[in-house]
Amino acid sequence: MDIAALRQSWSEVAVAGPEAARYFYATLFVMAPETRSMFPIDMHHQEDKLFAALGHIIAHVDDVSALAQFTHRLGADHRRFSGWNQHGQLVQLAECHYIWVGQALLATLEHILGPRWTPALRAEWAAAYEAVAKLMLAGAEESAQVSPPYWEAEVTSVQRRRADICVFTVRPDYWCSYLPGQSLPTQVPVLRTWRYLSPANAPRSTGTLEFHVRAAGRFSTHLVRRLAVGDTLLLGHPVGTALSSYDRAPHRPLLLIAGGTGVAPLRAIVEQLRQGPGRPTTLVVGGRTPGDLYDHDTLTQLAASTGSGTRWAAGDGRWLRYVPTVETGWGWDGEVGTAVDTALRLGFWADADILVCGSPAMTQATITTLTAAGVQAEQILTDSYDHTLYPPLSAAPAGAPHDISRTGVL
Ligand code: HEM
């Protein structure tokens, strides 16, 4: 494989940016109309995903084991996509779709590269795409041996905690296993789009999962306004490795910093720790006003239920210290300040693992403040809870916080 030629030509496609993605999808939908119904009506969020993934693959094409892991995972995830053919019959994503996508990709490269698209380069790209497609199909086949393409989950409770926030519970039809801190692609069947949600609980013997959603885009607003007990949601395979690697050094203290519904995955992690001996943990949850602390009662009860553990007693003798903090509030007698400012007032955290979860702006501001205060970037783990999550092909560069997320609005 001529890796240099692949990379060089890809860099030219990357320069073309959205034009290449638009040409690709237009070609695909003309060539294979049934694929159109697999994608959301609004292609705004999808357009760069396939191309971003291809860029990732090309950048790491010589790292065979990382590439195999990534493409297997991607292929397994693609099992959840389906559409309708011209007879109105449901079609699952299958090998023929990979062939059409490959042809649309080659046509796009030809369109963008013009005279630089030679027969030799075409042969390189065709072989590279075929190798990737085979790995994805193998990943799909392996995962089909052990799990369904997606879970159908019945909504068993819905609480509207505020006008723009709902907390709901679902019961999947089969056992759905995930690690606290991971996210699951979730679909409201009438909307057909998939968005990532992170469970707020550690796996339970009943198999139920609790999710927290704030109305921000079409998907989340639908959930907040319309979701009802008895509705069915679809859940795809859990993804995300950053937050769920909180136990990489269990002897170290943990600092968990949350904003908004970013509290959900951090609560799941605390619940998981509670099933073991515990670990000195400080959970700081920030809001602009006390009304933003929509999960305060549950977190207070959770903190009260944690024992002192064996040798880890912290603060009032319990291993979990829960610290709600607000920027402003009449009659509020707790901590005042942003979550990160309050966390830094509580300690220096030189020996702690620090998990940050909130909106992209809150996450970024928190990381900036922490590193300015002397925290090492390697101490910080973060996923933006409302994002498309794909494991990186290789570890984050030294010195960069472990952030594997990409932005989008739910
Ligand atoms: C080399 C081959 C491919 C790569 C690298 C690729 C990559 C991706 C990526 C990274 C995503 C985003 C996943 C997510 O956000 O959860 C995605 C989504 C998707 N892909 Fe692919 N894909 C490939 C082949 C295909 C094929 C053959 C089809 C079938 C036509 C397909 C249909 C879809 C659909 C329907 C979505 C979801 C769109 C949405 O709901 O937002 N992909 N793909």
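The values are calculated or read from the model by the stated rules, or taken from the named source; none is laboratory data. These numbers come from a predicted model, not from an experiment. Neighbour counts are summed over all protein chains in view; Cβ atoms, including those assigned to glycine, are modelled from backbone coordinates with ideal geometry. Note: accessible area is taken over every heavy atom of the protein model, side chains too, but ligands, DNA and RNA are not part of it. Shrake-Rupley method; radii C 1.70, N 1.55, O 1.52, S 1.80 Å.
Could you state how much accessible area F29 has, in square angstrom rounded to the nearest 10, with a 1.4 Å probe and all protein chains kept in place?
Here the accessible area works out near 40 Å².
Hey, what number do you get for the chain at 222 nm if only DSSP H runs of n ≥ 4 count, each worth -39500 (n - 2.57), divided across all residues, to the nearest 500?
The per-residue figure over the chain is -12000 deg cm²/dmol.
Only Cα pairs under 8 Å and at least 6 apart count here; give the relative contact order of the stretch 151-235 as a rounded whole percent.
39 percent
Quick one: work out the % antiparallel among DSSP beta bridges in the chain, nearest 5. Could the numbers behind the result be given before it?
Values: 31 of 56 bridges.
For the chain, the DSSP antiparallel bridge percentage is about 55.
Heavy atoms only, probe 1.4 Å: what % of the accessible area of the chain goes to carbon and sulfur, would you let me know?
Working: 10320 of 18460 Å².
Reported share for carbon and sulfur atoms: 56 percent.
Efficiency by 1/(1 + (r/R0)^6): what FRET value for A216 and M31, r their Cβ-Cβ distance, R0 = 41 Å, to the nearest 0.05?
0.70
Mind grabbing the accessible area of E327 for me, 1.4 Å probe, Å², rounded to tens?
We get 90 Å² for E327.
With Cβ to Cβ distances under 10 Å as the rule, what net charge do the other residues near W194 carry (K, R +1; D, E -1)?
Around W194, the charge tally is +2.
For D231, list long-range residues whose amide hydrogen, built 1.01 Å from N in the peptide plane, is under 5 Å from its own amide hydrogen.
Here the answer is V155, since their amide H atoms fall under 5 Å of that of D231.
Per residue, how much accessible area does the stretch 3-146 have with a 1.4 Å probe, in Å²?
Here the per-residue accessible area is 51 Å².
Residue by residue, what Karplus-based ³J(HN,Hα) values in Hz, rounded to whole numbers, does the stretch 207-213 have, using 6.51, -1.76 and 1.60 with θ = phi - 60° and x for Gly and Pro?
With the stated coefficients, the stretch 207-213 comes to x, 7, 10, 10, 10, 10, 9 Hz.
To the nearest 10 square angstrom, how much accessible area does L135 have with a 1.4 angstrom probe?
For L135, solvent-accessible area is about 50 Å².
At a Förster distance of 56 Å, what's the computed FRET efficiency of W332 paired with A120, Cβ-Cβ distance as r, to 0.05?
Once the sixth-power term is evaluated, E becomes 0.25.
With labels modelled as points extended 7 Å from the Cα through the Cβ direction, what inter-label distance (nm, one decimal) is found for E154 paired with Q92?
2.3 nm
Given the options A216, A120, A144, which has the most mean-square fluctuation in a GNM of the chain, springs set between C-alpha atoms less than 10 angstrom apart?
A120
Sorted by accessible area with a 1.4 angstrom probe, largest first, how do M38, M1 fall?
Result of the area sort, largest leading: M1, M38.
What are the DSSP H helices in the chain that stretch 15 Å or more along their long axis, judged by alpha-carbon atoms, and whose average Kyte-Doolittle hydropathy comes to at least -1.0?
Span-like helices in the chain: 3-16, 18-31, 47-59, 64-77, 95-113, 119-146, 263-274, 360-372.
How high is the relative contact order of the chain? Use alpha-carbon pairs under 8 Å, at least six apart in sequence, and give a whole percent.
Value for the chain: 13 percent.
State, to one decimal in nm, how far the label point of D2 lies from the label point of A377, with both points 7 Å from Cα in the Cβ direction.
Placing both labels 7 Å beyond Cα along the Cβ direction yields 3.6 nm.
Determine the principal axes of the Cα atoms in the chain, then give the extent along each, sorted from largest to smallest and rounded to whole angstroms.
71, 48, 40
How many angstrom lie between the Cα centre of the stretch 1-16 and the Cα centre of the stretch 137-179?
38 Å
Sorted by accessible area (1.4 Å probe), largest first, how do E271, E378 line up? List each step's numbers first, then the result.
Numbers: E271 30, E378 100 Å².
Output order, biggest surface exposure first: E378, E271.
Given a Förster radius of 60 Å and the C-beta distance between R22 and S65 as r, what FRET efficiency does 1/(1 + (r/R0)^6) yield to the nearest 0.05? Don't skip to the answer; put the middle values down first.
Numbers: r = 34 Å, r/R0 = 0.56.
It comes out at approximately 0.95.
Considering only H72, H44, H212, give the residue with the highest GNM mean-square fluctuation for the chain, with springs between Cα atoms whenever their separation is below 10 Å.
Largest GNM mean-square fluctuation: H44.
Label-point separation (nm) for S11 and W100, each offset 7 Å from Cα along Cα-to-Cβ?
So the two model labels end up 3.5 nm from each other.
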